[in-house]
């Protein structure tokens, strides 16, 4: 790991000055390492507890891959450095066979008008024959 040294080392060559005509000493400086480069590496953790223990810089997001299960975590913090809730995602392999089955099942979901009318006719309740209602006469009683 490279440490940033704020005081660069200078190298001087030994020159001897024998008077006013002597050449000035040459100095060389080493270039400082660039800190603006980011390394895009995969961060592996062991379980949710490992993901929670990873520090995150204020206002940043970190992708963490779980080495034990098929999940990955997105850990982030707000601009003040307070960690936000850990987001957990599952991932699975998508195969070509599964995509073909999904398109085949989607093609079989349509019904023609004739099929729809037949299905609705089967579902419609059969009408019962109407019975004639008998009139009931009211009797008036005089008291």
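Arrange 116, 64, 123 by Cβ neighbour counts within 10 Å, fewest through most, would you?
Values: 116 10, 64 22, 123 7.
Ordered from fewest to most neighbouring Cβ atoms within 10 Å, 116, 64, 123 come out as 123, 116, 64.
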Shape category assigned to region 45-97 from the gyration tensor of Cα positions, a/c cut at 1.5: prolate
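When 89, 72 are ordered from fewest to most other Cβ atoms inside 10 Å of their Cβ, what list results? Kindly include the intermediate steps, with their values, before the conclusion.
Working: 89 10, 72 18.
Neighbour counts put them in this order, fewest first: 89, 72.
Which ordering of 65, 82 is given by a fewest-first count of other beta-carbon atoms within 10 Å?
Numbers: 65 14, 82 8.
Ordered from fewest to most neighbouring Cβ atoms within 10 Å, 65, 82 come out as 82, 65.
Each value in this text was obtained by applying a stated rule to the coordinates, not by laboratory testing. Quick caveat: nothing in here was measured; it's all calculated off a predicted structure. Quick reminder, even Gly has a Cβ in these numbers, built from the backbone with ideal geometry, and neighbours come from all protein chains shown.
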